[in-house]
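The values are calculated or read from the model by the stated rules, or taken from the named source; none is laboratory data. Predicted, not measured: the structure shown is a model, and the values here were computed from it. Cβ placement follows ideal geometry from the backbone for every residue including glycine, while neighbour counts extend to all protein chains displayed.
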Amino acid sequence: MTKTLPKDFIFGGATAAYQAEGATNTDGKGPVAWDKYLKDNYWYTAEPASDFYHKYPVDLKLAEEYGVNGIRISIAWSRIFPTGYGKVNAKGVEFYHKLFAECHKRHVEPFVTLHHFDTPEALHSNGDFLNRENIDYFVDYAAFCFEEFPEVNYWTTFNEIGPIGDGQYLVGKFPPGIQYDLSKVFQSHHNMMVSHARAVKLYKDKGYKGEIGVVHALPTKYPLDPGNPADVRAAELEDIIHNKFILDATYLGRYSEETMEGVNHILAVNGGKLDLRDEDFVALEAAKDLNDFLGINYYMSDWMQAFDGETEIIHNGKG
């Protein structure tokens, strides 16, 4: 007996611009921090990746043949605005129009992400999302894309805000490779969530026909020994770092007392403070009920054990 999926079921695949396109300095694309970071620290680069920039017609033809009817794609911010703002790169705009047209021709619905780990280098070297000026640049970029690409029906603002901050400032596996700075982790998460909220509000205020949301990675956290209060507390704090802080911003428009108690404890132990402004919470509150969907990337669960003293993070990302 043959079983089929419902007609409205999206059976899709996923890509990201920097992880799939290649063509990292082709047709006017600006640099991103990963270009130099990979060259200096790893044995591989993003060139040519899977060469999606040139081979997308073949990839999408195969997708149609295999019954794939949806695909996650991200726009490379620096392919549209090579420095993150200012002059538009017409060839980059043309590429994405052609890509989306091919998607629709092949009946593969594009789910388009605005930021998938690839802030333009000019903005990254100026503080990335720790710099509040870059919130405005992101919203300007989002506004341009919403208006320029009406053929897109599904928008995602950010892919995995949590792992971006963690990778950049806690584990150090993303450029700039800083470790153990939890104040930067929380500030980065907060500022990206404000960026998300402002983009969502803009999209809805303009009355665009599509849907918009955000994709979070949400790793579940459990105490190694549920009967040990210290392990339970460790799991709670990890959950705040990786899940509750960004989920509160997404759907509460604020941070709960429980969440902020944990954040303040973490910062008291590790040092640092946050810059949380009234206008930030106005933006978060205005967008909290406007998300059309939440994308969830699930990779793993973690079992947490309490520990006192300094720890060392070792990450093997070189393959």
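The number of residues in segment 37-55 that are without any contact (Cβ under 8 Å) to a residue 40 or more places away in the chain, over 20 Å from Glu94 (Cβ atoms) and outside any loop (DSSP other than H, G, I, E, B) comes to 3. Of the residues making up segment 58-71, just one is crowded, with 20+ Cβ neighbours inside 10 Å and assigned to a strand (DSSP E or B), namely Ile71.
For every residue, the table says whether it meets (1) closer than 26 Å to Phe117 by Cβ; (2) of a type outside the set (Phe, Trp, Tyr); (3) touching a residue at least 12 places away in the same chain (Cβ under 8 Å).
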{"residue": "Ala199", "(1), (2), (3)": "yes, yes, yes"}
{"residue": "Ala230", "(1), (2), (3)": "no, yes, yes"}
{"residue": "Phe245", "(1), (2), (3)": "yes, no, yes"}
{"residue": "Thr250", "(1), (2), (3)": "yes, yes, yes"}
{"residue": "Asp275", "(1), (2), (3)": "yes, yes, yes"}
{"residue": "Phe281", "(1), (2), (3)": "no, no, yes"}
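Note on segment 275-316: residues that are assigned to a loop (DSSP other than H, G, I, E, B) and surrounded by 15 or more Cβ atoms within 10 Å (Cβ to Cβ) amount to 4. Against the criterion of being touching a residue at least 60 places away in the same chain (Cβ under 8 Å) and out of contact with any His (no Cβ under 7 Å at 6 or more places or on another chain), Trp34 qualifies. Flag not set for Gly13, criterion: in contact with a strand residue (DSSP E or B) (Cβ under 7 Å, 6 or more places away or on another chain) and in a loop (DSSP other than H, G, I, E, B).
Considering only segment 17-45, state which residues are surrounded by fewer than 19 Cβ atoms within 10 Å (Cβ to Cβ) and within 16 Å of Pro175 (Cβ to Cβ). Within segment 17-45, Gln19, Pro31, Lys36, Tyr37, Leu38, Lys39, Asp40, Asn41, Tyr42, Tyr44, Thr45 meet the criteria. Condition first: in contact with a Gly (Cβ under 9 Å, 6 or more places away or on another chain) and over 26 Å from His116 (Cβ atoms). Can you find one or more residues in segment 304-318 that meet it? Looking for residues that are in contact with a Gly (Cβ under 9 Å, 6 or more places away or on another chain) and over 26 Å from His116 (Cβ atoms), one finds none in segment 304-318, hence no. Taken together, the residues in segment 1-31 that are touching a residue at least 60 places away in the same chain (Cβ under 8 Å), within 25 Å of Gly67 (Cβ to Cβ) and under 20 Å from the mean Cα position of the chain (by Cα) amount to 4. Looking only at residues of segment 275-294 that are within 26 Å of Asn131 (Cβ to Cβ) and of a type outside the set (A, V, I, L, M, F, W, C), we find that the one that is farthest from the chain's Cα centre (by Cα) is Asp278.
Considering only residues that are within 24 Å of Ile296 (Cα to Cα) and over 22 Å from the mean Cα position of the chain (by Cα), look in segment 250-274 and name the one that is surrounded by the fewest Cβ atoms within 10 Å (Cβ to Cβ).
Initial filter on segment 250-274 (within 24 Å of Ile296 (Cα to Cα)): 250-256, 258-260, 262-263.
Narrowing the set further to residues that are over 22 Å from the mean Cα position of the chain (by Cα) leaves 256, 258, 260, 262.
Working: Ser256: 14, Glu258: 12, Met260: 16, Gly262: 21.
If we take residues in segment 250-274 being within 24 Å of Ile296 (Cα to Cα) and over 22 Å from the mean Cα position of the chain (by Cα), then Glu258 is surrounded by the fewest Cβ atoms within 10 Å (Cβ to Cβ).
Among Asn159, Asn134, which is the only one that is at pLDDT 95 or above and touching a Lys or Arg at 6+ places or on another chain (Cβ under 9 Å)?
Details: Asn134 fails: touching a Lys or Arg at 6+ places or on another chain (Cβ under 9 Å).
Exactly one residue qualifies, and that residue is Asn159.
Take the conditions (1) touching a strand residue (DSSP E or B) at 6+ places or on another chain (Cβ under 7 Å); (2) over 17 Å from Ala249 (Cα atoms); Lys209 misses just one of them, which is (1). The set of residues from segment 249-274 being within 14 Å of Ala197 (Cα to Cα), hydrophobic (A, V, I, L, M, F, W, C) and either at pLDDT below 95 or not in a loop (DSSP other than H, G, I, E, B) (or both) comprises just one member, Ala249.
Take the residues in segment 77-120 that are part of a strand (DSSP E or B) and either β-branched (Val, Ile, Thr) or at pLDDT below 95 (or both), then tell me which one is surrounded by the most Cβ atoms within 10 Å (Cβ to Cβ). Can you show your working first?
The initial filter retains those residues of segment 77-120 that are part of a strand (DSSP E or B), namely 109-115, 120.
When the remaining residues are screened for being either β-branched (Val, Ile, Thr) or at pLDDT below 95 (or both), the result is 112-113.
Numbers: Val112: 23, Thr113: 25.
The selected residue is Thr113.
Looking only at segment 127-179, residues that are assigned to a loop (DSSP other than H, G, I, E, B), touching a Gly at 6+ places or on another chain (Cβ under 9 Å) and farther than 23 Å from Tyr37 by Cβ come to 3 in all.
Please specify each residue of segment 195-247 satisfying the condition of being assigned to a loop (DSSP other than H, G, I, E, B) and closer than 23 Å to Ser183 by Cβ. Within segment 195-247, Leu218, Pro219 meet the criteria.
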